[in-house]
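Input: a single structure, listed below in structure tokens.
The values are calculated or read from the model by the stated rules, or taken from the named source; none is laboratory data. Source: prediction; values computed, not measured. Heads up, the Cβs are rebuilt from the backbone with ideal geometry, glycines too, and the neighbour counts pull from every protein chain shown. The accessibility values were calculated without ligands, DNA or RNA, using every heavy atom of the protein model including side chains. Shrake-Rupley method; radii C 1.70, N 1.55, O 1.52, S 1.80 Å.
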Amino acid sequence: MLRSCAARPRTLSALRAARGGAPRPARDPGPARRSFSTEKVIHKDHSLPNPSWSKDLRLLFDQFMKKCEDGSWKHLPSSECKVPQRIHSFKTYFLDSKPVKEDQLSQARPFTRSYEVGQGFEYAMFYNEDEKRTVCLFQGGPYLEGPPGFLHGGALATMIDTTLGVCTISCMGLFMTANLNINFKSPIPLCSVVVISSQLDKVEGRKVFVSCNVRSVDEKTLHSDATGLFIKLDPEKSLT
Ligand SMILES: CCCCCC/C=C\CCCCCCCC(=O)SCCNC(=O)CCNC(=O)[C@H](O)C(C)(C)COP(=O)(O)OP(=O)(O)OC[C@H]1O[C@@H](n2cnc3c(N)ncnc32)[C@H](O)[C@@H]1OP(=O)(O)O
């Protein structure tokens with residue numbers, strides 16, 4: 001059963017504190033040991049079916065969940081994990097970075113999860129580790145309109161960036177988009193479902209080259225193709 005995470009302890013430290021135990025003291029493990037936070041966050045998974053999902057999206061989701069049964073594919077949960085937690089994790093890695101002021105954090109949230117259910121980005125992602133591929137099943141809601149009746153190109157760019165980013169991060173760790181090239185070949189009707197299929201093509205030092213295509217559910221229409229360059233973040237360099 002899905003439960004809202006509001007008013008519930010979100011991290012192991014918060015759980016300890018709620019039970020009367022002392023929170024674990026923060027300490028710097030040193031540059032070689034710093035990593036993305038491993039604290040378990042309790043949150044709602046937005047990448048599971050909801051009433052706004054069309055029949056196409058549900059069918060595709062079920063097909064991919066079936067592919068997960070033998071372990072070759074993994075469903076990637078998508079949390080409403082608030083940015084403070086993400087920034088905290090980011091800061092653990094980049095101790096000098098000050099991306100936003102503390103008092104602005106309470107309003108921050110992941111861009112693709114910032115719309116009401118069904119109005120914006122509805123999607124689920126699946127990852128195949130052996131093939132270094134990530135697939136995103138995406139339904140763009142009515143608030144993402146560009147040309148009348150069609151999806152905004154920037155909304156598609158967002159989902160392409162996110163899919164390529166997840167593909168890179170799943171395979172390789174902390175990266176940022178340095179370059180994104182998108183060919184828009186055929187407009188996407190608003191509220192329809194598309195499949196974004198991405199793959200890791202090449203790794204050169206800190207540079208990771210990824211690519212994807214965006215197709216209709218019946219695979220007959222190629223809506224877009226894109227390439228991306230992601231750069232592994234260097235903990236010795238400040239981001240700001
Ligand atoms: C991202 C972490 C999120 C954590 C949370 C995870 C949760 C969910 C995942 C969701 C996925 C979301 C994905 C969304 C990703 C984004 O939108 S990121 C935001 C947009 N991107 C940025 O703001 C990046 C801004 N740029 C930078 O910060 C820096 O330029 C950089 C970090 C990309 C690289 O800087 P630096 O580390 O100093 O590297 P350099 O020394 O400059 O370059 C290294 C090599 O790369 C080559 N290079 C760099 N940029 C480019 C480019 N634009 N085009 C081509 N090549 C580039 C550069 O030449 C160097 O090459 P050589 O080593 O000399 O061969």
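One line per residue, one yes/no per condition, for (1) small (Gly, Ala, Ser); (2) in contact with a Phe, Trp or Tyr (Cβ under 9 Å, 6 or more places away or on another chain); (3) within 25 Å of Asn128 (Cβ to Cβ):
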position	(1), (2), (3)
Ser197	yes, no, yes
Gly205	yes, no, yes
Asp225	no, no, yes
Ile231	no, yes, yes
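What number goes with the only condition from (1) outside any strand (DSSP E or B); (2) farther than 18 Å from Glu145 by Cα; (3) within 12 Å of the ligand (Cβ to nearest atom); (4) touching a residue at least 12 places away in the same chain (Cβ under 8 Å) that Glu219 does not pass?
(3)
Provide a single number: the residues in the range 173-202 that are open to solvent by less than 70 Å² (accessible area, probe 1.4 Å) and farther than 22 Å from Leu222 by Cβ.
The number of residues fulfilling the criteria is 5.
Could you please give the count of residues in the range 152-172 that are over 12 Å from the mean Cα position of the chain (by Cα), open to solvent by 20 Å² or more (accessible area, probe 1.4 Å) and either closer than 16 Å to Ser224 by Cβ or at pLDDT 95 or above (or both)?
Residues that pass the stated criteria total 4.
Out of the residues in the range 135-151 that are out of contact with any helix residue (DSSP H, G or I) (no Cβ under 8 Å at 6 or more places or on another chain) and assigned to a loop (DSSP other than H, G, I, E, B), which is least open to solvent (accessible area, probe 1.4 Å)?
The selected residue is Gly141.
When the range 146-164 is examined, which residues are found to be more than 14 Å from the ligand (Cβ to nearest atom), out of contact with any strand residue (DSSP E or B) (no Cβ under 7 Å at 6 or more places or on another chain) and either of a type in the set (Gly, Ala, Ser) or in contact (Cβ under 8 Å) with a residue 40 or more places away in the chain (or both)?
The answer is Gly146, Pro147.
Across the range 182-216, what is the number of residues that are of a type in the set (D, E, K, R), within 13 Å of the ligand (Cβ to nearest atom) and closer than 21 Å to Phe121 by Cβ?
0
Hey, can you tell me all the residues within the range 222-240 that are under 13 Å from Ile196 (Cα atoms), of a type outside the set (Gly, Ala, Ser) and within 16 Å of the ligand (Cβ to nearest atom)?
Across the range 222-240, the qualifying residue is only Thr227.
Can you tell me which residue in the range 185-210 is farthest from Ile169 (Cα to Cα), limited to those that are without any contact (Cβ under 8 Å) to a residue 40 or more places away in the chain and not hydrophobic (A, V, I, L, M, F, W, C)?
If we take residues in the range 185-210 being without any contact (Cβ under 8 Å) to a residue 40 or more places away in the chain and not hydrophobic (A, V, I, L, M, F, W, C), then Ser186 is farthest from Ile169 (Cα to Cα).
Given the residues Pro99, Pro77, which is the only one that is open to solvent by 50 Å² or more (accessible area, probe 1.4 Å) and modelled with pLDDT of 65 or more?
After ruling out the rest, the residue left standing is Pro77.
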